[in-house]
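The values are calculated or read from the model by the stated rules, or taken from the named source; none is laboratory data. It should be emphasised that the depicted structure is a prediction, and the values quoted were computed from it without experimental measurement. Glycine gets a Cβ as well: all are built from the backbone with ideal geometry, and neighbour counts include every protein chain shown. For the accessible areas, the whole protein counts, side chains as well, though only heavy atoms, and no ligand, DNA or RNA atoms are used. Shrake-Rupley method; radii C 1.70, N 1.55, O 1.52, S 1.80 Å.
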Protein chains: 2
Amino acid sequence: MTAAALHLFDKHEASLRAAGTACRERSYFTLFSETPDRHRGGASAADAGAAAFRAQLGHRFELDQPGTIGRLGDEVSPYTLEALGIDYPRADVDALFTAARLAMSPWAVATPQARLGVCMEIVDRLYDGVFESAQAVMHTAGQSGPMSYAGSGTNALDRGVEALAYAHAAMTDVPREALWERRFGSTTIRLRKRYQLVPRGVAVCFTCATFPTWNAYPAMLASLATGNAVIVKPHPTAILPMALAVRTCREVLAAAGFSPDLVTLCLDTVAEPVGKLLIKHPQTAIVDFTGSARFGAWVEQNAHPASSYTETSGVNTVVLESMDDLESVARSLAVTMNLFSAQMCTSPQNIYVPRGGVAVGGRRASVDEVCDALATAFRAVVAEPKRAASILAAVQSPATLDLLGRLRESGVRRGAILLDSAPYTHPDFPAARTATPLLLRVAPDARDLYCEERFGPIGFLIETDDAAGALESATADVRAAGGITAFVYSQRDEFLAAAEAAYAVAGAQLTCNLTGAMPLNFAASYSDYHVTGLNPAGNATLTDASFVAARFRIAQSRRPVA
Amino acid sequence: MTAAALHLFDKHEASLRAAGTACRERSYFTLFSETPDRHRGGASAADAGAAAFRAQLGHRFELDQPGTIGRLGDEVSPYTLEALGIDYPRADVDALFTAARLAMSPWAVATPQARLGVCMEIVDRLYDGVFESAQAVMHTAGQSGPMSYAGSGTNALDRGVEALAYAHAAMTDVPREALWERRFGSTTIRLRKRYQLVPRGVAVCFTCATFPTWNAYPAMLASLATGNAVIVKPHPTAILPMALAVRTCREVLAAAGFSPDLVTLCLDTVAEPVGKLLIKHPQTAIVDFTGSARFGAWVEQNAHPASSYTETSGVNTVVLESMDDLESVARSLAVTMNLFSAQMCTSPQNIYVPRGGVAVGGRRASVDEVCDALATAFRAVVAEPKRAASILAAVQSPATLDLLGRLRESGVRRGAILLDSAPYTHPDFPAARTATPLLLRVAPDARDLYCEERFGPIGFLIETDDAAGALESATADVRAAGGITAFVYSQRDEFLAAAEAAYAVAGAQLTCNLTGAMPLNFAASYSDYHVTGLNPAGNATLTDASFVAARFRIAQSRRPVA
């Protein structure tokens, strides 16, 4: 089996090494064409992917894995509000662990190169299937077509390769053997030492409802490459993207001569969750979790003796101090805060503005003026259905609509509604669950409203005493509630320096003075570190050395040689 | 301040780089002469160290650190059974954390090079003070003079430098900045990205009673180098070695222009422990723990949100299958199992022997014969007081004598006493607390006796059905009770291969067929990985990338450039 796998390593080695170089240099890099029209499969690949997705609708999902005790699945498309009609195998949890442990023995002792070769081939095959996967993401998470291709497809695959590059570096750092000699008294002891990388065990990878692949690919590939098995536990509302990924992993593993049971799918229902059972299972050695901050904190506290890697949520903050052009800032914020209806862990939520207004060019714009500019820019995004659809896409969960309703009420009581939320009519999917953003203006004392993640298209404009107070409040809220991204606009070098220092301590990744075509919260694989681990928004970074280095351990054996 | 620190980096850079090379190659390396007579200070350094220790006895330990609310200290020398008569500052815990946080701000933003320079200078100064420290170790832990110099001195310092080399590599892996550009639609976005290493916060380092410096130096230096502050919490019976180390750290930090409060000492008493308070303190970000498996498990479970690095204890196992020469194996086991009265986390405890005996040269030696050979070899170690003293040294805790008494009783009831324990008279310290080993022969069903660490000079010979059963029992016991080292004697390649595979999974570091002048459990800095993290004997390895990579996090800031 190793021959096939090593062939795969040879096939992908140049890509893996280039990715490693990119990780060290952090400049722009991708292994993939980022627009569908440049996919190596051509237009026929797009058609075939869409056809495969359509053919799957209403049918059982074929996944030949052990321990099947039934079938389940009740996904609903946020675009059509119709059931996908797909049922998946429901697995006996113990049977998955038993199969995973059995499968691990030969995988654990395969060389890192062999495992990396297989993992890179998995990435390659996932790229082949990216159009089908994009449809699956679209009709479970509610992402737009372009985002489900680029964000959940190629960018997520790059993030996976990034994790593989770090795994490659970490494993290469441990030599296979060494010759050691030293005098003890009058004799020389000469020992040949062998070092063996030992996987931790079975990893459980929890994926979220709105962006499943983006965190899953790095976690699954990092665990696999370092010799572990992976049980994937998708959110019950977004199974299909992960079922496709699991099936691809199993096919590649089997073709390379390894057991497909290194990657399996474990499903549950909202009514009967298995999450805690998986985390506390005696065979669980690693937990990767993406989801709510509340359950993420439970994972971090209860995963022991398994190690845990979490990415949850938080309040992403914007501080406005001064700028050249208010309209371009408002436009960038509007696009970013509308993007995928702010159902991303990187979406900004809270905008902190000094009560005295912000300096714009040579003059001062009042808070009212800032509010107007934001409302105008937001309206421009949502006014035209085609543009709204391309940016807002659909709302994944009906719970988000309930939340909007509750916060609208609070907003009226506690502050002012700058822009009210309303459904918009998607041009291609008239039944789509949609909502334009709710933008509230509140005083700092409404912290109970804004100092927690409000998942969905909800923004707060918070008046503070002054610019220093804006920065202080924003970073305090990040430290308290967590935060992944942050955005500051200032023309003053000393303010930017203070912001860099304060956000570094608070642990949110900062973007300064950005306007223009790039969504403010765009995270570039190989270049942007995602999540610092310094605040409640998660304990793991995609991807740094610490994301991979503890997924394997080092055993050694030494013996005398002449 | 950075200029002074950078000068220190220049001074020590070649040593640090050589250590880094050694870590990657894992061949023999040291920065120090391993015998006292080759210390760079010459004979006068040894005399001065001994004199400093004597002068300290009966006097207050001068340590000018914040938050002192009293004095305490009641250490007793295991060699003289007399009180050292030294009292140390007792600190208000909150005051130490406040001082540490204040001290951290400039330290956190100093360059990695500046911090590494200071840390290497600390090592250098600890080497200057190694003779005094060795006396302190001897008269608190009970180690022999040579061990307290080499094991707790130079070897521990090398282990510290090893951690610094890994910290250097991990921090160097993150670039300071990058230029990133990509097309978005028709425009190019060009961002300058800055990456900043952010320390986790305040680290608490718990040190043990019998080998305090060996785990403390790597932990303290790894935390410091990555920008954290360290509060050192010594075992109440072995304060002096750590008080000396803390004082040295503070002096070097202050001389380099940093706050000495980056390293402080936090003491408690057996009656009023502060351990859990420190671990659950809201400011605690990292816990390094060396000590009992029971408290270590508590640390791992309760340290969250702090990250924890533990090294506790376990049953270290020996499997006898076949050998050339029974006497040389027995001699090596006798020396190693007597070394420092087996008060090391690497001391072998359980010897598994097939009921049918072991192949020796061309013939089969019965279990009785093996027992006789071991008893003879053990007696040879302890028979002559001078030799006994150089190997056994003293017993750190009176509790060990109680344990010997209890296990002697159990041994009579449950098996046979192959060799009884007795005090021996130390030639230089007639009052010394000493005990020769208790060696028991038991059946496999006495697992309640032998399948846990029995800290002190206690060994078990366990009869198993056959050689495969011996290996199976030994590795099962390691998985259940933990284990750091393991030893196998076999002339059969397939048995050695099976042992390598089984111990790799169980997570004990294996030594095969070693006899001769090197103590079997000798762990070489830069070459031997200590603790795998795969069993209950601890979750951290001295030293691998995962020991350092998560002690800092990465914050980034990006902004547009023309």
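For this structure, a couple of remarks:
- Residue that is most open to solvent (accessible area, probe 1.4 Å), among those in the range A:539-561 that are of a type outside the set (A, V, I, L, M) and more than 7 Å from every other protein chain (Cβ to nearest Cβ): A:Asn539
- Any hit, the range A:139-149, residues being in contact with a strand residue (DSSP E or B) (Cβ under 6 Å, 6 or more places away or on another chain) and either part of a strand (DSSP E or B) or buried (at least 24 other Cβ atoms within 10 Å of the Cβ) (or both): no
- Residue selected from the range A:375-424 under the condition at pLDDT 95 or above and among the hydroxyl-bearing types (Ser, Thr, Tyr), by the criterion farthest from A:Gly145 (Cα to Cα): A:Thr376
- Close pairs (7 angstrom Cβ cut-off, 6 or more residues apart or separate chains): under 22 Å from B:Pro560 (Cβ atoms) in the range B:170-182, in a loop (DSSP other than H, G, I, E, B) and open to solvent by 20 Å² or more (accessible area, probe 1.4 Å) anywhere: B:Ala178/A:Ser27; B:Leu179/A:Ser27; B:Trp180/A:Ser27; B:Trp180/A:Tyr28; B:Glu181/A:Tyr28; B:Arg182/A:Tyr28
- Residue match in the range B:250-269 (condition: in contact (Cβ under 8 Å) with a residue 24 or more places away in the chain, aromatic (Phe, Trp, Tyr) and either away from chain A (no Cβ under 11 Å) or in contact with a helix residue (DSSP H, G or I) (Cβ under 8 Å, 6 or more places away or on another chain) (or both)): yes
- Filter result for A:Phe211 (over 20 Å from A:Leu96 (Cβ atoms), open to solvent by 10 Å² or more (accessible area, probe 1.4 Å) and touching a helix residue (DSSP H, G or I) at 6+ places or on another chain (Cβ under 9 Å)): yes
- Of the strands (runs of 3 or more DSSP E) that lie entirely inside the range B:280-338, those containing 2 or more residues that are open to solvent by 20 Å² or more (accessible area, probe 1.4 Å) span B:307-311.
- Condition met for B:Phe29 (assigned to a loop (DSSP other than H, G, I, E, B) and either in contact (Cβ under 8 Å) with a residue 24 or more places away in the chain or more than 24 Å from the chain's Cα centre (by Cα) (or both)): yes
Rundown of residues vs (1) of a type in the set (A, V, I, L, M, F, W, C); (2) closer than 16 Å to A:Leu534 by Cα, yes/no style:
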residue	(1), (2)
B:Leu262	yes, no
B:Leu265	yes, no
B:Asp268	no, no
B:Glu272	no, no
B:Lys276	no, no
B:Ser292	no, no
B:Val299	yes, no
B:His304	no, yes
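- Qualifying position, being modelled with pLDDT of 95 or more, touching a strand residue (DSSP E or B) at 6+ places or on another chain (Cβ under 6 Å) and among the polar types (S, T, N, Q), among A:Thr434, A:Thr464: A:Thr464
- In the range B:490-500, of all residues being hydrophobic (A, V, I, L, M, F, W, C) and open to solvent by 10 Å² or more (accessible area, probe 1.4 Å), the one that is nearest to B:Arg17 (Cα to Cα) corresponds to B:Ala497.
- Extreme residue, surrounded by the most Cβ atoms within 10 Å (Cβ to Cβ), among residues of the range B:18-46 that are within 14 Å of chain A (Cβ to nearest Cβ) and touching a Phe, Trp or Tyr at 6+ places or on another chain (Cβ under 7 Å): B:Cys23
Residue-by-condition table, conditions (1) modelled with pLDDT of 95 or more; (2) of a type outside the set (A, V, I, L, M):
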position	(1), (2)
B:Phe9	yes, yes
B:Ala14	yes, no
B:Ser33	no, yes
B:Gly41	no, yes
B:Asp47	yes, yes
B:Leu63	yes, no
B:Pro78	yes, yes
B:Leu84	yes, no
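- Among all residues of the range B:404-415, there is at least one that is touching a Lys or Arg at 6+ places or on another chain (Cβ under 8 Å), open to solvent by 10 Å² or more (accessible area, probe 1.4 Å) and closer than 27 Å to B:Ala468 by Cα.
- Scanning the range B:167-193 for residues that are open to solvent by 20 Å² or more (accessible area, probe 1.4 Å), within 7 Å of another protein chain (Cβ to nearest Cβ) and farther than 22 Å from A:Ala549 by Cα returns B:Leu179, B:Glu181, B:Arg182, B:Phe184, B:Gly185, B:Thr187.
- Considering each residue of the range B:486-502 in turn, at least one proves to be under 26 Å from B:Glu327 (Cβ atoms) and more than 14 Å from chain A (Cβ to nearest Cβ).
- Residue match in the range B:456-464 (condition: more than 11 Å from every other protein chain (Cβ to nearest Cβ), more than 30 Å from B:Ala163 (Cβ to Cβ) and under 19 Å from the mean Cα position of the chain (by Cα)): yes
- Residue within the range A:459-480 that is touching a Leu at 6+ places or on another chain (Cβ under 9 Å), in a loop (DSSP other than H, G, I, E, B) and open to solvent by 10 Å² or more (accessible area, probe 1.4 Å) present: no
- Residue count for the range A:79-111 satisfying the condition of being within 14 Å of chain B (Cβ to nearest Cβ) and either exposed (fewer than 15 other Cβ atoms within 10 Å of the Cβ) or in a helix (DSSP H, G or I) (or both): 8.
- Members of the range B:444-456 that are small (Gly, Ala, Ser) and either touching a residue at least 40 places away in the same chain (Cβ under 8 Å) or open to solvent by 40 Å² or more (accessible area, probe 1.4 Å) (or both): B:Gly456
- Candidates A:Ala219, A:Ala156 - the one that is more than 7 Å from chain B (Cβ to nearest Cβ), assigned to a helix (DSSP H, G or I) and in contact with a strand residue (DSSP E or B) (Cβ under 8 Å, 6 or more places away or on another chain): A:Ala219
- Screening the range A:194-212 for residues that are closer than 26 Å to A:Thr346 by Cα and part of a strand (DSSP E or B) and picking the one that is nearest to the other protein chains (Cβ to nearest Cβ) gives A:Ala203.
- Candidate set: the range A:501-533, residues that are outside any loop (DSSP other than H, G, I, E, B), open to solvent by 10 Å² or more (accessible area, probe 1.4 Å) and touching a residue at least 12 places away in the same chain (Cβ under 8 Å); chosen: the one nearest to A:Met147 (Cα to Cα): A:Gln509
- Checking every residue in the range B:472-484 against the condition of being at the interface with another protein chain (Cβ under 10 Å from one of its Cβ atoms) and either at positive phi or of a type outside the set (Gly, Ala, Ser) (or both) gives zero matches.
- For the range A:52-78, taking the residues that are open to solvent by less than 40 Å² (accessible area, probe 1.4 Å) and of a type in the set (A, V, I, L, M), the one that is farthest from A:Ala103 (Cα to Cα) is identified as A:Ala52.
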